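The values are calculated or read from the model by the stated rules, or taken from the named source; none is laboratory data. All figures in this text were calculated on a predicted structure; none of them were measured in a lab. Using ideal geometry, Cβ is built from the backbone for each residue, glycine included, and neighbour counts are taken over all protein chains shown.
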Amino acid sequence: MAGAGIDWQRDPEAAFAEARARGLPLLLYWGAAWCPPCNRIKSLVFGRPDFLALSDSFVALAIDGDSAGAQRLGEERKLRSYPTLVVYRPDGAEVTRLPCELDGKRFVHILALALNARYTAAESLSVALSRERALSDDDWNLLSFYSWDTDERQLLKNLDFAAIVASLTRACTLPHAALRLEWLGLHAAAMAGETGVDQAAAIARLETTLNDPAVVCQQLDIVIGYALDLVRFLTEPGSGARLALIDTWSRALEVLEYDDTLNLCDRLGALRTRVRLARLGAGNANLAALARDRVAAAVAAADAPALRHAVINGGAGILMDAGLALEAAQLLQNELARSHSPFFFMHTLAAIAKRRGDPAGALDWYERAWQGATGSATRIQWGASWLLALLDLAPGDEARIERCAQELSDQFEATPDAGCQRNRTQAARIAKALSGRDELGEQLQRLRGLVLRT
């Protein structure tokens, strides 16, 4: 189940037909059982009383990326990242895409706005850029909380994201939406490596936000998610400006860490970002012990499978970032027997082994992950990772490479939508890796032929 208490439809055609017949909007959830952010939203949002109270006002459609035809649907509907959440009008027109990182209360609020929206996000974007009319506060709210990360160029097409968001920021008449758009624009500039940004002014604006606990909580997803990129973009390594910005940002993150009104995942996310910021600055000798204690407490408190999966994943990441890789590995290994998706954690165990200089151990974990993976799209993804690891870490192990190639070829041939969306992405990874290999065995040749046809 995508979420308890909701009558989630599984048949897309039937769900959209029901929405048309009943004149109701449709909420589509696209995800996977092993995906930590999917597990977070399933456990912390979909079971909320205020979310359940809205459920009579929309048709709920849950699509697992491993279900029959899912990747073909993903191609048609431009769904790729797990999770992607889209609201459609009764006639099937896309209204908006919702960010999965929001806290539950804010997610439900934005969902309610989307369900009752007079205009789609695309229509509001066009109007905001043309200035042909004023947008309402609700329109600005929806635009500022649009999920650009899962957009797949639906709104932007070939437009420059940083320039578009900067224009929206100047036009926005709703203060908290303008602030969010400003952060989005600054982050887009950072990702594009733009020059000419007034760094001192940008830092001053960030610090104003970071010193306001209410605003930090309101914008917690970008406070947590953008910290490292913006600190790197706006300051030089070892500079006083960097240390000062890290200090300000770390204090803002502590507000979130100790806010017991927030869920476990978001509090752990704030801690992980603070640990990672410390590595960019002067370090913090006390953070490793704090990380160990906070992760242990969170793991002990997380019993429900979906929540526990997200917490274990986040906790392992914190321990690794705090320099406690062996403890992270132990946490993950202890969870394998209990987890509903142990193969996901095996990938992290492979990464830890590789980082420790143990290629044989890494390859064993990649193989075990492939063997335990379930679902057609997931098996293609995990199989591609195992093959690429073999080519990288054991390029001379022809027998093992050929066996992997044979099993992966069989998987491609058994998957009807192997040439669609996420499956095609994995095929492209394999094709790129094989293009630089001088000699290919029989099974690698077969696999190359398959992926080149996708």
Considering the stretch 372-406 alone, what residues qualify as being within 25 Å of Ala325 (Cα to Cα) and free of Cβ contacts under 8 Å to residues at least 12 places away in the same chain? Asp392
Would you confirm, using the coordinates I've provided, whether Gly92 is out of contact with any strand residue (DSSP E or B) (no Cβ under 6 Å at 6 or more places or on another chain), over 24 Å from Gln421 (Cα atoms) and either touching a residue at least 40 places away in the same chain (Cβ under 8 Å) or of a type outside the set (D, E, K, R) (or both)? no
For the stretch 71-116, which positions are aromatic (Phe, Trp, Tyr) and not in a loop (DSSP other than H, G, I, E, B)? Tyr88, Phe107
Have a look at Asn286, Asn313 and point out the one that is out of contact with any Asp or Glu (no Cβ under 9 Å at 6 or more places or on another chain), surrounded by fewer than 21 Cβ atoms within 10 Å (Cβ to Cβ) and among the polar types (S, T, N, Q). Asn286
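Let's see how each residue does on (1) in a helix (DSSP H, G or I); (2) surrounded by 15 or more Cβ atoms within 10 Å (Cβ to Cβ); (3) not assigned by TED's automatic domain parsing to the domain that holds Arg80:
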position: Ala351; (1), (2), (3): yes, yes, yes
position: Ala369; (1), (2), (3): yes, yes, yes
position: Thr378; (1), (2), (3): yes, yes, yes
position: Leu387; (1), (2), (3): yes, yes, yes
position: Ala399; (1), (2), (3): yes, no, yes
position: Cys404; (1), (2), (3): yes, yes, yes
position: Glu439; (1), (2), (3): no, no, yes
Restricting to the stretch 124-153, name every residue that is outside any loop (DSSP other than H, G, I, E, B) and surrounded by fewer than 15 Cβ atoms within 10 Å (Cβ to Cβ). Ser126, Leu129, Ser130, Asp137, Asp149
Test: Arg40 is closer than 20 Å to Arg106 by Cβ, at pLDDT 95 or above and among the basic types (Lys, Arg): yes
So which of Thr261, Thr248 is outside the structural domain of Cys35 (by TED's automatic domain parsing), in contact with a helix residue (DSSP H, G or I) (Cβ under 7 Å, 6 or more places away or on another chain), surrounded by fewer than 19 Cβ atoms within 10 Å (Cβ to Cβ) and of a type in the set (Ser, Thr, Tyr)? Thr248
Might you let me know whether the stretch 5-25 holds any residue that is touching a Leu at 6+ places or on another chain (Cβ under 6 Å), part of a strand (DSSP E or B), modelled with pLDDT of 95 or more and crowded, with 23+ Cβ neighbours inside 10 Å? no
Which ones in the stretch 174-197 are at pLDDT 95 or above and outside any helix (DSSP H, G or I)? Leu174
On the given criteria, is Leu307 outside the structural domain of Ala351 (by TED's automatic domain parsing), free of Cβ contacts under 8 Å to residues at least 60 places away in the same chain, in a helix (DSSP H, G or I) and not small (Gly, Ala, Ser)? no
Here are some residues: Gly65, Gly47, Gly74. Which one is modelled with pLDDT under 95 and either among the charged types (D, E, K, R) or under 24 Å from the mean Cα position of the chain (by Cα) (or both)? Gly47
Can you name every residue in the stretch 310-349 that is in a loop (DSSP other than H, G, I, E, B) and among the small types (Gly, Ala, Ser)? Ala322, Gly323, Ala337, Ser339, Ser341
